[in-house]
Number of protein chains: 2
Amino acid sequence: MRSVERWGRFELELGGNSGGENPYLDSPFEAAFIHEESGTATLAAGFCDGEGVFRLRFMPERLGRYSYRTSSRHRSLDGVEGGFECVPAGKDNHGPVRVAKRFHFSYADGKPCFVMGSTAYAWTCRPREVRAQTLASLSAYGFNKVRMLFFPKRYIGSFGDVDISYEPPEYPFPGEPGAFDFTRFNPSYFRNFEERVQDLMDRGVEADVILFHPYDSDRHWGIDSGMNHADQIRYLRYLMGRLSAYRNVWWSLANEYDVTTDSGGRTVITPEAKDWDGLGEFVRANDPFGHPISIHNIPFGWIYPDRPWLSHVSYQHPDTYTLLLELKARYGKPVVDDEYQYEGNIRDNWGNSDAETTVERHWRSAMASGYASHGEVFASPENRRDIFWAYGGTLRGQSPERLAFMKSIFEDLPFQDMERDALNTDGQNYFSLHKGMDLYLSFFRRGLTGKDIWYGPRDGTEARYSATIWDVWNCREIGRLEVGLRHRFEVGDWTAIRLVRLE
Amino acid sequence: MRSVERWGRFELELGGNSGGENPYLDSPFEAAFIHEESGTATLAAGFCDGEGVFRLRFMPERLGRYSYRTSSRHRSLDGVEGGFECVPAGKDNHGPVRVAKRFHFSYADGKPCFVMGSTAYAWTCRPREVRAQTLASLSAYGFNKVRMLFFPKRYIGSFGDVDISYEPPEYPFPGEPGAFDFTRFNPSYFRNFEERVQDLMDRGVEADVILFHPYDSDRHWGIDSGMNHADQIRYLRYLMGRLSAYRNVWWSLANEYDVTTDSGGRTVITPEAKDWDGLGEFVRANDPFGHPISIHNIPFGWIYPDRPWLSHVSYQHPDTYTLLLELKARYGKPVVDDEYQYEGNIRDNWGNSDAETTVERHWRSAMASGYASHGEVFASPENRRDIFWAYGGTLRGQSPERLAFMKSIFEDLPFQDMERDALNTDGQNYFSLHKGMDLYLSFFRRGLTGKDIWYGPRDGTEARYSATIWDVWNCREIGRLEVGLRHRFEVGDWTAIRLVRLE
């Protein structure tokens, strides 16, 4: 019997035909997977992967034997039976990411996931050597989520006279730009995308797949703006049939869902807002594996109201602290500031933050017990597509190494069990988290001349701590010492202090 | 017929006796005041102002004729009748301050009150020339509220070997330190305090009268620590009988109500917390004129939970923005950060902020649509009582003139109608308020290199504004110009921008 790793991917390939029907119009077949020991049944949908080839993918979540049986109105795809043994996950396979402890994320095996994303919208369509650079950059700095668009991206504006547009080598639909046939798919485009998701999985990176977006200046391709609701649902069903069994997938319904015009005032998507609730409910109902689902908005619009289909809040705003805390309180879900204004050199606010601002914003998000995503927009006329935010490549800003250092600190904490220590936070120069009296973490963006921090209660309680002090800008530990609750630390700009209670 | 200014003070003096009873044990008499036109009746309590002298004070709130009649179980104080004509308030008399528009304060005549307080706990007991300096300093910088203790203050600690203690020339009770008779009062002490409240009233300053406090190191006087609940109620009744008719009075139940030990760990008030709810309800029920009531806590304790008797939240914390917004949301009442750590030079956090931190914190409170109080603690061995925070005198920090400039900007706005403009706020370098699209105010603590602020909606709406730009650190206007919604301002550290929509 075949064996499949837990949270790995079982794939059933069937030759067959759809009796002359368009095999992309609907799911050509489905299969019920029974976990024999528990009796749990899970339904998964198959898809047509090109002329005469049908596939179905399944991600087993329990150890032990699974059996399956297909059903289809096409005789050649109906009644196929089989089974496999789900065996323990390999060393680097922690399963899909789930919401944990209300405001956090953990892998299915229980390992906490300190989400630290970056952004590379259209990296999947770039040549192999650029993709290799992209993957190397993500790994080098520990980014473990990438926001990436499924559809091609054409963003004009913000780059002066420099044309950064890029025509992908192929399209998701048959036809040509401005005249695509949305009732059929181009499996090769999807296959490339899946391989990129697998590339990320191999490196432990979550693929935050953005399903719709408004970046199609002049309706060059006419994809997002051309699809009607039935087209949208058909596309989602097909994509989800192909991708849901990849454990590292997250669904982001849209990027900047409320953008309807580009910076020149031209309409870029159909003025009627999509039925995001209908699409969100569809995704939730048709994903057998419960991947995270969000929707992302523009900073000038409104953050999407809470919905049952939203697993977490994805927002975009330079305020990574006060607003993030408000959103946590309002939604009771994890909050990720997926765009706090990228490090970069362009004229527009969204891509001209310096490294200090970038690193401070990311630290602030963590000090609000939340999460954030990095991005980078260094544009130059000489190399007009060497912009990580859009096309991937090599990161060259000053923030990534500092974010990697930051992440190493948070991954070494029981971050999910820590809360804002409001008493030792001014929201201005310093911020603190604590876990009762067992553990404190303070971040000082600016030095506190003459100030000290008074951890713990003021009732005379005594406790001893092992203190570690870092310079988080220069990415180095600057001291370790044993202290009591009222030690006066020398605190400079970018100092972080961790206190771990001694027995 | 006598005439009394609206929100002025009518005073009835009666000679009489209490038939041998202690005249301080209870209200010796009361009077019902009838506003003849409306028929409104208000009851006010009298008090004994020393041997054979009884008084009753009343603040009329309506124009027109009032008549009154006393009642007492003491024949000489019973059945006294009279009346007066309430005439329009004088130019600088705007009436008592009330909560307005949920999160704000206005005078009774409708004039908004942008509360900007300072702190001079024990200034009332100091010699005349020092009091004159105190009043001149408050007026020079536009401080319009003073936090001040009724009982004498003895704070030891935080000043090294320098003894800053001060023995007041008299006490509120007969007896001597450690052995006061709480069943009687020393009218002279109260009279002095009232004259100081009147001094403030004459300058348009609200007297935030703190009724109890823990600053009596070593139980030197044993007042706060010595009174039982009946003593506390008797004291409140007497003080309120004397002070309620002063229109500029606010009641603060306590300063740092949850402090029970001094910085050396010595008990400074009775370990049993006072019955603050009982005291708060008593104050509310016995103040005929509805002055603001708050209670103030220490930064390491808890902010007092919401209660019907609380008119507003008085808290103490270096976070004047995020926490202030949270408290507004939690209480639905005005929030005043009455102690954000004073400008000063002592070792302790509470009194060693530099002017930049002080001014930034005060600006932040206003950008959260809230309020704050300043304080100053410059201590020197040469002049051990020249510490404004404790004893008044002359302000000499760098923040007051900047706060005065800040206040002038806010008083020129419809501040009560403005809300946080979250879209144009990062909570880090810049903050904005707006009133729809009619008016914007942005404060930039730090310059935004290359960034611009995008006011208004992003839907192509056009509007023209008159912009005023200030350097709020150097207290000067640096430009006026007409702009549209997407003007890129040159923004440096401490820039503030006001946009007023043009017709």
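The values are calculated or read from the model by the stated rules, or taken from the named source; none is laboratory data. Worth saying up front: this structure is predicted, and the values here are computed from it rather than measured. Ideal geometry is used to build each Cβ from the backbone, glycine not excepted, and the neighbour counts take in all protein chains shown.
Descriptive notes on the structure:
- One residue stands out in the stretch B:422-447 among those that are free of Cβ contacts under 8 Å to residues at least 40 places away in the same chain and surrounded by fewer than 20 Cβ atoms within 10 Å (Cβ to Cβ): the one that is farthest from the other protein chains (Cβ to nearest Cβ), namely B:Lys435.
- Among the conditions (1) under 18 Å from the mean Cα position of the chain (by Cα); (2) farther than 30 Å from A:Arg154 by Cα, A:Arg445 misses just one, which is (1).
- Residues of the stretch B:9-43 classified as more than 19 Å from B:Asn286 (Cα to Cα) and assigned to a loop (DSSP other than H, G, I, E, B), total: 11
- Filtered residue count, the stretch A:448-497, keeping only those that are within 11 Å of chain B (Cβ to nearest Cβ) and not in a loop (DSSP other than H, G, I, E, B): 0
- Selection count, the stretch B:299-309, where residues are closer than 19 Å to B:Gly117 by Cα and surrounded by fewer than 20 Cβ atoms within 10 Å (Cβ to Cβ): 0
- In summary, B:Ala108 fulfils each of the numbered conditions (1) modelled with pLDDT of 95 or more; (2) out of contact with any Leu (no Cβ under 8 Å at 6 or more places or on another chain); (3) under 30 Å from B:Pro174 (Cα atoms); (4) crowded, with 18+ Cβ neighbours inside 10 Å with the single exception of condition (3).
- Considering the stretch B:200-237, the residues that are among the charged types (D, E, K, R) and assigned to a loop (DSSP other than H, G, I, E, B) include one that is surrounded by the fewest Cβ atoms within 10 Å (Cβ to Cβ), namely B:Arg203.
- Evaluating B:Tyr321 against the criteria (1) of a type outside the set (A, V, I, L, M); (2) under 19 Å from A:Ala329 (Cα atoms); (3) at pLDDT 95 or above; (4) surrounded by fewer than 21 Cβ atoms within 10 Å (Cβ to Cβ) leaves one unmet condition, (4).
Quick grid of which residues meet (1) under 30 Å from A:Met227 (Cα atoms); (2) of a type in the set (S, T, N, Q); (3) surrounded by 15 or more Cβ atoms within 10 Å (Cβ to Cβ):
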site	(1), (2), (3)
A:Tyr68	no, no, yes
A:Leu77	yes, no, yes
A:Asn93	no, yes, yes
A:Val99	no, no, yes
A:Thr124	yes, yes, yes
A:Gln133	no, yes, yes
A:Ser137	no, yes, yes
A:Phe151	yes, no, yes
A:Arg154	yes, no, yes
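- Any chance A:Ser399 is surrounded by 24 or more Cβ atoms within 10 Å (Cβ to Cβ), without any contact (Cβ under 8 Å) to a residue 60 or more places away in the chain and either under 21 Å from the mean Cα position of the chain (by Cα) or more than 14 Å from chain B (Cβ to nearest Cβ) (or both): yes
- So A:Pro88, is it out of contact with any strand residue (DSSP E or B) (no Cβ under 7 Å at 6 or more places or on another chain) and within 22 Å of A:Asn248 (Cα to Cα): yes
- Any hit, the stretch A:7-18, residues being without any contact (Cβ under 8 Å) to a residue 24 or more places away in the chain and of a type outside the set (A, V, I, L, M, F, W, C): no
- Exactly one residue out of A:Ala254, A:Ala285, A:Ala245 is away from chain B (no Cβ under 14 Å), modelled with pLDDT of 95 or more and buried (at least 21 other Cβ atoms within 10 Å of the Cβ), and it is A:Ala245.
- The requirement of being surrounded by fewer than 18 Cβ atoms within 10 Å (Cβ to Cβ), free of Cβ contacts under 8 Å to residues at least 40 places away in the same chain and under 28 Å from A:Asn144 (Cβ atoms) is fulfilled somewhere in the stretch A:191-199, by at least one residue.
- Residue check for A:Leu423: closer than 30 Å to A:Ala100 by Cβ and either in contact with a helix residue (DSSP H, G or I) (Cβ under 8 Å, 6 or more places away or on another chain) or not in a strand (DSSP E or B) (or both): yes
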